Amino acid sequence: MAALAGGCTVQIKRATHVTADAATLKAEVRCGAGKHASKRKHHGRRKHGPTVTDARAGKDGGDGRARKRDRARNRRRARKHARVHGRVWWQLRQAGAPRWHRVGRKPRLACGQRRKRIFVSLRVTGLRAGLTYEYRLAFDPGRLGGRRAYSRPKRFKTFGSPARPGPRPLLLPAVRGFKPGLVGTADHPRSGLAAKRLGADIVRIEFDIDTPASALRASVAALADQGAQALLLAGFQGRIPSEAEARNLAGWAAEFGPGGSFWNGRADGHLAVRQIEFGNETSYSWQFGDSWADPSYRDRAKLYATRFAQARAAIAATGRAVGLLAQADDGGTGSPAWVNGMFDSVPNLGQLVDGWSVHPYGPRVAWEPKLRRLIAQTAARGAPATIPIDITEWGISTNNGLPLTDNYGWPVDLIFAQAGSNLKASVAAMRADPAIGPRLRLFMLYAAYDLNASLGPNARERFFGALNEGLGDKGAYSAEVRELFAP
C-alpha cells in the first residue's frame, strides 16, 4: 500500500470502540514524495535509460516516429508519478476466512498541496460476539491506470462469547435531520474551543431576551470561527417577557439568520442561525415556586404562548428562515396543564412552532415517559405529528467514580466508561423508538466542560462536562461524545 503513487504511505490504526457487535476502523494516509517515490523514480531512470532517437531513426522510418514513442513514454512516466487520486474502501473478513468483503461506501481520495494527511474511518456494525476479524484498506487509482492496492491487514476481537448465529441485530432507523450538539457555558469562546475539540457542529448559547443583536456578534463569531453553528436561547428566568422583548428576537433573526447582515463578507454563511429557543424550563416550578395545580401555572402557560406568537410574527416579518422552539415539557409533573394552557391561549400554536423543546434528563425510566407525554399531550390539542422534538438539554454527570450529590436517576459514582456506555445506549434507544425516533431532531448534550477540578466540590451540576475543567478529555466518556458528533 505504501506504493500507491507519489510516495504516499498508509497507516492502519488499531480498531477502537469495539463492542460485542461493532467496531470503528481508522486509517491515516500521508501524502507526499517520500523515499519510496524517490527510489521508484531512480529505478525508472536506470530501467529506461537515456532517450536515443538517432540510432533508431533508420529502423523505425524517421525521427518523427521515434519522437512520438518518446513522448508517449514520457506521458506514461508523468502518469506514474502523478498525485494520488482514486477510491478507497474498507474490507473485512472473519479471521481465517478465504474471502474479503467490502464494508461501507467507496469515497474518493485525492492528495493535493493542502491535503497532506487524510483520515479514513468507518463504524462497522452487525458483527458477532467473541470472534476475531481482520480488516484492511483497499485503493483503486482509477484514471492513473494502476492496479488495486491493499494495506496489510490488522485484527480485533469483539467482546463476549461466541454464539450460534441468531436474528440480525436491530438497525437504527436513518432519522432524517438528527442533529447532535453541545450546550455551551457562560464562557462562549471557551465553549467554542470545546466544540472544536469534540467535533460538535452546533452549540447552544444563552442571552437574555432583551439583549440587542449587536451584543451577540462576538459570541456568534467565536463559534463560527471554530466551525460551529449557534442555537440561540432567549432566556427570561423567573418571569415572562414583555411584548417588546418578544419582538426583539426579530433583530436576532435579521442579523444572524440565513442571509443576515452578520454574514456579509464572511465565507461561513452556512453556519447561519436556524432556530431560536424561546425560554428555558419556564414550565418547571423551580423558577416560580408554584405547582401545576395552581392558577398561576396555567396563566403563565397562556401568557408564554401569547408572547411566543408575537415573537414568531416578528421573526416572520424579517423574511429570515429562522424557526422558534416552544416548550412542550411538562416539567415532570405528568399533567397536561402546561400544554393545555398554551393551546387555550393560541389555538393555532401547532402551525407556529418549528419544534417542541424538552429536557428529558435521566435513564430510560425517566426520559421515555416524558417524551411520550409530550407526544400525547400535543397530539390531543391537534398539533401535527410532523413537528420535530428538540432535546435541548440532556446529559450525565460523572467525576470518574467520586460520589456526587445527585445524578437525575443515574448512579452518583459513575466512572467515565460507564457514563459513556449509558450515553451511547440512551441515544440509540431514543432513535430506535418508533414513536420518538422519527421526530427526534436536536440532541444537545449538556455541557461543554466541567465547572471545577475533580477534587473540588462534588455538586452534580459541576461535572456534566464532556471535557474536564481544563478542556482535557474525560477518558471513555469524551471518546463516546466524539462518536456521537462524528459525521
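Per-structure values
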| item | result |
| --- | --- |
| Checking Pro388 against (1) within 30 Å of Ser261 (Cβ to Cβ); (2) out of contact with any helix residue (DSSP H, G or I) (no Cβ under 8 Å at 6 or more places or on another chain), the condition it does not meet | (2) |
| Members of the stretch 313-335 that are surrounded by 19 or more Cβ atoms within 10 Å (Cβ to Cβ) and more than 18 Å from Ala246 (Cα to Cα) | Ala328, Asp329, Asp330, Gly331 |
| Strands (runs of 3 or more DSSP E) within the stretch 70-184 that include 3 or more residues hydroxyl-bearing (Ser, Thr, Tyr), at pLDDT below 65 and not assigned by TED's automatic domain parsing to the domain that holds Ser478 | none |
| Residue within the stretch 431-439 that is loosely packed, with under 15 Cβ neighbours inside 10 Å, within 24 Å of the chain's Cα centre (by Cα) and under 20 Å from Gly362 (Cβ atoms) present | yes |
| Selection from the stretch 277-299 of residues that are in contact (Cβ under 8 Å) with a residue 24 or more places away in the chain and either surrounded by fewer than 15 Cβ atoms within 10 Å (Cβ to Cβ) or hydrophobic (A, V, I, L, M, F, W, C) (or both) | Phe278, Phe288, Ser291, Trp292, Ala293, Asp299 |
| Residue count, the stretch 368-414 (criterion: under 21 Å from the mean Cα position of the chain (by Cα), among the hydrophobic types (A, V, I, L, M, F, W, C) and under 19 Å from Tyr284 (Cα atoms)) | 3 |
| Any hit, the stretch 298-319, residues being aromatic (Phe, Trp, Tyr), in a loop (DSSP other than H, G, I, E, B), under 26 Å from Met342 (Cβ atoms) and out of contact with any strand residue (DSSP E or B) (no Cβ under 6 Å at 6 or more places or on another chain) | no |
| Single unsatisfied condition, Leu402 versus (1) farther than 16 Å from Gly465 by Cβ; (2) in contact (Cβ under 8 Å) with a residue 40 or more places away in the chain; (3) surrounded by fewer than 16 Cβ atoms within 10 Å (Cβ to Cβ) | (1) |
| Residue within the stretch 207-228 that is surrounded by fewer than 16 Cβ atoms within 10 Å (Cβ to Cβ) and under 14 Å from Arg320 (Cβ atoms) present | no |
| Matching option when the condition is surrounded by 17 or more Cβ atoms within 10 Å (Cβ to Cβ) and on the phi < 0 side of the Ramachandran plot, among Ala417, Ala486, Ala448 | Ala448 |
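The values are calculated or read from the model by the stated rules, or taken from the named source; none is laboratory data. All values derive from a computational prediction rather than experimental measurement. Quick reminder, even Gly has a Cβ in these numbers, built from the backbone with ideal geometry, and neighbours come from all protein chains shown.
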